[in-house]
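Peer 1: For reference, the structure I am asking about is given below.
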Amino acid sequence: MQISVVSLFPEMVSTIADYGVVGRAQSRDLISLDVENPRDHTEDAHRTVDDRPYGGGPGMVMKFAPLARALQVLRERSPAGSPVVYLSPQGDVFDQAVAARYSTLPGLILLAGRYEGIDERLIESRVDEELSLGDFVLSGGEIAAMAVIDAVVRLLPGVLGDDESAEQDSFTEGLLDFPHYTRPEVVEGEAVPDVLLSGDHAKIARWRHKQALGRSYLRRPDLLERLDLSNEQRALLDEFLKEQRK
Ligand code: 9D3
């Protein structure tokens, strides 16, 4: 997959390929990461990328031309069918379904803004989709672009090892995770739940499924509403809630 980013802070974005899963994906040529700085596409002596907003008010707006030229360069290097995605607080909220859809594409061109945003005419003429990470204020689109890249790359075939990708097709899809424990068996007087030491793998899987359902119900009822729980899952959730009330 060809992943391209327009950013005034290209080093910030390229650090994503210095670590972990995305780093491995790049060194194994499963992805190629390309970052273009709109400042390299200015024509004035000051290399100006921003200007004052028409209509007045605080802050600055990113100019059309340097962004359009940076995007043009990336488009020419990207496979056909690579959408331009603008990261902005006005976008649709990014989620795992969007990540899964992007992971099927040959390429992705991400546009990270700074200042108050970019000239609206660039959005109208060049942007295919607008995405937000949610209702909180970032200083620019780079961290959002990096989050999208991380979420998409881990879904690409061959990127995760067998261990890591087992979670992707498990029964707990769409649910919060179950609780995890590791050695020692007792920490500050708190023991690991007995079932996890039993060696009974079917019983452990059932307990974890129950915990995942119960935590999702308590902390993220919106997630459960999207799922069509089986009768077995309803029974497990019932059991969790009864144990909870003790
Ligand atoms: C404080 C400035 N705000 C005045 C109403 C507007 C504003 C402009 C630019 C708020 C944030 C930003 C920069 N944000 C992003 O580029 C961004 C973002 C975000 O802030 N939150 C969640 N997702 C995203 S995606 C890109």
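The values are calculated or read from the model by the stated rules, or taken from the named source; none is laboratory data. The structure presented is a predicted model; accordingly, all values stated were derived computationally and were not measured. Glycine also receives a Cβ, built like all others from the backbone with ideal geometry; neighbour counts cover every protein chain displayed. Just the protein is used for accessible areas: all its heavy atoms, side chains included, with ligands, DNA and RNA removed. Shrake-Rupley method; radii C 1.70, N 1.55, O 1.52, S 1.80 Å.
Peer 1: Applying the Karplus parametrisation 6.51 cos²θ - 1.76 cosθ + 1.60 with θ = phi - 60° to the phi angles of segment 151-160, what ³J(HN,Hα) value in whole Hz is obtained for each residue in order, glycine and proline being reported as x?
Peer 2: With the stated coefficients, segment 151-160 comes to 5, 6, 4, 5, 8, 5, x, x, 6, 8 Hz.
Peer 1: Where nothing but the Cβ of Lys and Arg (+1) and of Asp and Glu (-1) is charged, how large is the charge dipole of segment 173-246 around its Cα centre, in debye to the nearest 20?
Peer 2: The dipole of segment 173-246 has a size of about 140 debye.
Peer 1: Once the piece of chain linking residue 204 and residue 45 is laid out straight, how much longer is it, given 0.36 nm per residue of separation minus the C-alpha distance between them?
Peer 2: 50.6 nm
Peer 1: Write down the percent of antiparallel bridges among all DSSP beta bridges whose residues are both part of the chain, to the nearest 5.
Peer 2: Of those bridges, close to 15 percent are antiparallel.
Peer 1: Still on this structure, I have one more. Taking amide hydrogens as modeled 1.01 Å from N in the peptide plane, which residues meet the under 5 Å criterion relative to residue 6, leaving out close sequence neighbours?
Peer 2: Correct list: 36, 110, 111, 112.
Peer 1: List nothing, just return the count: lysine pairs in the chain, 8 or more apart or interchain, with Cα separation under 27 Å.
Peer 2: For the chain, the number of qualifying lysine pairs is 4.
Peer 1: Shifting gears a bit: For the chain, what number results from the quotient of the Cα radius of gyration and 2.2 N^0.38 Å?
Peer 2: Ratio of Cα Rg to 2.2 N^0.38 Å: 1.28.
Peer 1: Using 0.36 nm times the number of residues separating residue 171 and residue 120, minus their current alpha carbon distance, what extension gain do you get?
Peer 2: 14.0 nm
Peer 1: Choose one answer from 211, 26, 72: the residue with the largest mean-square fluctuation in a GNM of the chain with alpha-carbon springs under 10 Å.
Peer 2: Fluctuation is largest for 211.
Peer 1: Within the chain, what's the longest stretch lacking GluC sites (Glu not before Pro) that sit in DSSP loops with no more than 15 other Cβ atoms inside 10 Å?
Peer 2: 44-115
Peer 1: Given Cβ point charges of +1 (Lys, Arg) and -1 (Asp, Glu) and nothing else, what value in debye, to the nearest 20, does the dipole of segment 77-234 about its Cα centre take?
Peer 2: Here segment 77-234 has a charge dipole of around 200 debye.
Peer 1: Separate question: Using a 1.4 Å probe, how large is the accessible area of residue 143, given in Å² and rounded to the nearest 10?
Peer 2: Around 90 Å² of this residue is reachable by solvent.
Peer 1: Hey, another quick one. As I understand it, the value is the acute angle between the Cα axis of helix 231-245 and the longest principal axis of the Cα atoms of the chain; what does it come to in degrees, rounded to 10?
Peer 2: Orientation of helix 231-245: about 80 degrees from the principal axis.
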